[in-house]
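Let me begin by presenting the structure, written as structure tokens, before commenting on it.
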Amino acid sequence: MRFRLIPLIFLVCFSSLPANATPQPNPAARTAEAEITAKVQALLARMTLSEKIGQLNFPSLAFPFEAQLAEVRQGRVGNMLNVVNPDHLKAFKEAAAASRLKVPMLFAIDAIHAFRITFPVPIAWAATWNPPLAERAAEAIATETAQNGINLTFAPMIDISRDPRWGRVIEGAGEDPFLGAAFAAARVKGYRAGGLATSAKHFVGYGAPEGGRDYNGAQISDAELFDRYLPPFQAAIAAGSETIMASFNTVNGVPVTANRPLITDVLKERLGFPGLVMSDFVAITELINHGVADDLADAARKALHAGIDLDMASGAYARTLEAGVADGRVATAEIDAAVRRVLAVKYRMGLFPDSPVGVRTRASPMAESDVRTRAREVARESFVLLKNDGAALPIAPQSGTVALIGAAALSTNDHSWYGPAGLTKPATETLRAALEARVGSGQKLLFAEAFADPCGLSFKNKDEAIATAKAADLIVLALSEDCTFSGEGTSRVDLGLSGVQGELFDALAELGKPLVLVIETGRPLAIEEVAAKASAVLIAWHPGTEGRTALAEILAGAIAPSGKLPMTFPRSVGQIPIAYNDLPTSRPAKGDRYTTGYIDEPWTPLYPFGHGLSYTTFAYSGLGLSAPDMTRNGRIEVRVDVTNTGSRAGQEVVQLYTRQLVAERSRPVRELKGFEKISLAPGTRRTVRFWLNARDLAYHDDEGRPVIEPGTFRLFVGGSSAAELAGSFEITE
Ligand code: NOJ
């Protein structure tokens with residue numbers, strides 16, 4: 001990487017970065033920052049080396065915690081993670097207040113999609129294509145968390161990933177940098193509005209592990225880094241994320257935790273990130289496993305030099321830096337630089353009694369009913385209807401008798417795997433109860449559990465399930481990806497239905513009745529054969545506390561589905577990695593031999609990025625541009641008429657894609673450049689307008705510099721990445 005060689009050129013180009021680039025602070029913020037800098041400097045000057053290192057120390061709560069309390073009092077521990085119990089938090093706050101310099105502590109947990117009320121998993125937030133909903137969700141979660149006394153969340157996870165084998169796609173916004181940046185900004189804003197500082201993670205490339213194997217290395221060219229993986233981080237920085245977490249993995253062979261070109265040169269200097277960078281959990285110690293450090297002292301020295309300010313849970317800084325300074329291997333200036341960042345963040349968060357006023361706003365408590373409303377809103381808009389032949393959904397009086405099959409319909413599992421333990425679980429409706437309350441009166445709803453567990457790992461009573469289905473006119477089969485298959489350390493090679501769910505599906509499909517498949521999942525699945533036989537497929541993600549209620553509203557037709565895929569659904573695992581925004585190649589894919597694809601399967605995905613049906617239909621027409629061309633500083637307005645051509649109200653996500661036809665680098669066949677979610681009554685039409693700025697069409701060269709190249713662009717507008725309505729424009733010199 002040559003990032004350090006080009007600072008001047010970069011500065012020239014920086015002004016043409018997309019709108020999500022780091023904004024210049026306004027005058028009031030600049031004054032507050034100057035005040036913070038002075039206060040930090042004064043405090044630093046009073047600190048002993050041991051107290052400084054204490055500020056970089058970020059251990060996890062360990063029972064019994066009396067020893068940790070003592071270290072806080074001595075100024076040797078400045079921050080803690082996983083302290084959730086309010087009494088414990090109080091004890092640690094008092095210990096910090098009893099320390100010589102009384103520096104307040106960071107208290108962090110993984111409040112990702114839950115504190116007490118569980119929201120749908122984050123990939124479902126992205127499936128809403130409605131960032132303001134994500135902002136409201138994050139605000140509610142943060143409010144619950146902050147009221148408990150915690151001040152920092154390890155969220156949002158904003159890793160772009162094109163590989164659903166990687167279990168952590170559940171925590172992100174999918175495969176696209178534009179959508180990812182929009183949700184990164186919304187989530188940061190929301191958590192902060194709710195009173196938490198954020199930790200955007202994982203910087204960088206954690207979502208691109210080779211083979212989809214968690215923690216595995218990523219190979220990322222510099223151009224790709226800037227085009228694909230950095231935009232969400234730029235957006236998070238612009239939205240004010242106070243902290244960023246470094247990723248576990250290597251990028252091009254160097255672990256990010258010891259990667260100065262990435263952490264210091266790119267993140268802190270080029271992207272202008274003013275906050276603190278923390279390691280991931282025990283990641284500094286793991287530099288030894290990576291084979292780039294001899295021992296803990298070497299690992300600590302390398303991480304600090306790379307620009308890792310906070311040592312999460314490895315104790316490497318606490319145990320080795322003082323000796324490193326004594327023997328001259330660790331520069332005090334590097335420790336001071338890290339401490340300055342930590343203290344500045346604490347001032348910006350308003351933790352010190354003399355923090356400049358107005359740096360942070362604090363939310364007041366939110367009633368549980370409001371939190372639930374927000375969770376329901378996200379769930380409602382997140383479900384993606386992949387297929388709906390013969391209008392199998394919604395369930396209507398004419399659907400006749402309905403058989404709801406599957407133990408998932410009895411589940412209240414909310415998948416809050418990162419939610420703090422020990423809180424009372426909120427009341428959660430099952431799908432069965434929710435649906436019983438919502439199908440029309442007089443309409444029969446039969447039920448069979450079929451499986452011994454919600455994820456269908458084994459049968460409880462297969463025959464009863466088949467008999468129940470036989471007695472019905474419409475079958476709704478509720479399935480779930482294995483509940484242990486989501487999140488960290490859950491890479492998979494098989495993305496089919498887990499356990500014996502496929503076996504029951506086949507038996508039910510043979511009955512020849514309309515068969516609706518509802519699947520809870522944390523990732524795209526490879527379900528080509530199943531989808532071909534089902535009449536309808538509804539992806540419900542893991543929908544959280546209010547999720548099954550929202551699901552019943554959708555199935556019973558009270559609300560029309562409006563989710564769209566934030567990640568491509570492959571036909572098979574062999575197609576992975578697969579994304580809509582690939583390069584055209586020398587022989588663009590078209591299904592023939594000697595073109596890019598496979599000889600044993602179509603090259604197209606099962607369902608493309610952006611796809612999702614409603615109970616109504618939408619037509620696109622009247623594509624128009626305000627001008628046929630623009631300069632490199634210019635912009636063009638794109639407008640399109642969208643008509644609800646069905647017989648009921650619905651929401652549509654209007655999507656705008658571009659393609660640069662000829663450039664110095666091969667450019668993706670499509671790139672998302674705008675989207676808007678609209679509501680339309682039946683028979684009505686709305687003109688949707690997008691501004692396309694030339695600077696948003698920049699790509700990055702081998703040194704990560706943005707380039708806006710003159711030339712012809714195609715644009716496509718529609719309801720998915722396969723949109724057909726097309727136009728053209730030019731960027732002129
Ligand atoms: C490891 C995960 O990678 C990270 O995302 C999480 O925030 C930390 N553990 C802390 O729990």
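Every number in this text was worked out from the coordinates using simple rules, so none of it is lab data. Model, not experiment: these values are computed from the prediction. Note that we place each Cβ from the backbone using ideal geometry, even for glycine, and neighbour counts take in every protein chain shown.
Just want to confirm a number: the relative contact order over the stretch 618-731, from Cα pairs under 8 angstrom separated by 6+ residues, in percent.
The normalised contact order for the stretch 618-731 reaches 33 percent.
The stretch 314-352 and the stretch 645-704 have Cα centres lying 45 Å from one another. Beta-bridge orientation, the stretch 618-731: approximately 95 percent antiparallel, per DSSP, counting only bridges with both partners inside.
How large is the Kirkwood hydrodynamic radius of the chain, in angstrom, based on all distinct alpha carbon pairs? Result for the chain stands at 26.8 Å. Under 5 Å from the amide H of Glu520 lie the amide H atoms of Leu479, Ser480, Glu481, Ala540, each residue being 5 or more positions distant or on a separate chain, with H modelled from the backbone and absent for Pro and chain starts. Charge tally for Thr631 (other residues, Cβ to Cβ under 13 Å; Lys, Arg +1; Asp, Glu -1): -1. In order along the stretch 551-557, the phi-based Karplus estimate (6.51 cos²θ - 1.76 cosθ + 1.60, θ = phi - 60°) of 3J(HN,Hα) comes to 5, 5, 4, 6, 4, 7, x Hz; Gly and Pro are listed as x.
Here the Debye sum runs over all C-alpha atoms of the stretch 618-731 as equal scatterers in vacuum, and log10 of I(q)/I(0) at q = 0.14 Å⁻¹ comes out as -0.58.
Our summary gives the chain a relative contact order of 14 percent, counting only alpha carbon pairs under 8 angstrom and 6 or more residues apart. Any idea how far the Cα center of the stretch 628-643 sits from the one of the stretch 159-173, in Å? With the stretch 628-643 and the stretch 159-173 each reduced to a Cα centre, they are spaced 32 Å.
Among Lys564/Lys673; Lys201/Lys564; Lys189/Lys425; Lys387/Lys462, which pairs are too far apart, with a Cα-Cα distance over 18 Å? Kindly include the intermediate steps, with their values, before the conclusion.
Working: Lys564/Lys673 16 Å; Lys201/Lys564 24 Å; Lys189/Lys425 27 Å; Lys387/Lys462 26 Å.
Listed pairs above 18 Å: Lys201/Lys564; Lys189/Lys425; Lys387/Lys462.
Taking Cα centre as origin and charging only the Cβ of basic (Lys, Arg, +1) and acidic (Asp, Glu, -1) residues, the dipole magnitude of the chain rounds to 1580 debye.
For the chain, the longest principal axis of the C-alpha atoms and the axis of helix 86-97 are separated by about 20°.
Mind checking the dipole of the stretch 182-248: about its Cα centre, +1 per Lys or Arg Cβ, -1 per Asp or Glu Cβ, Debye to the nearest 20?
So the magnitude is around 340 debye.
When DSSP beta bridges are restricted to pairs lying wholly in the stretch 76-219, around 10% turn out antiparallel. When only Cα pairs below 8 angstrom with a gap of at least 6 residues are kept, the stretch 354-501 shows a relative contact order of 27 percent. When Ser666, Ser99, Ser314 are sorted by how many other C-beta atoms sit within 10 angstrom of their C-beta, beginning with the fewest, the order is Ser666, Ser99, Ser314. Using the Cβ of Pro25 as centre and a radius below 12 Å, the other residues enclosed give a net charge of +1, where K and R count +1 and D and E count -1. Database remark: amide H of Phe618 closer than 5 angstrom to the amide H of Thr645 (H placed geometrically; neighbours at sequence offset of 5 or more, or on other chains; Pro and chain starts carry no H).
For Lys673, what residues show an amide H to amide H distance below 5 Å, using hydrogens built from the backbone and excluding near sequence neighbours? Counting only residues 5 or more places away or on other chains, the set is Leu656, Tyr657, Thr658.
How much net charge surrounds Gly307 when only the other residues with a Cβ under 10 Å from the Cβ of Gly307 are counted, with Lys and Arg +1 and Asp and Glu -1? Computed value for this residue: -1.
Hey, fewest Cβ within 10 Å first, where do Val204, Val254, Val402 land in order?
Listing Val204, Val254, Val402 from fewest to most nearby Cβ atoms yields Val254, Val402, Val204.
Every helix of 4 or more DSSP H residues in the chain counts as -39500 (n - 2.57), and over all residues that averages to -8000 deg cm²/dmol at 222 nm.
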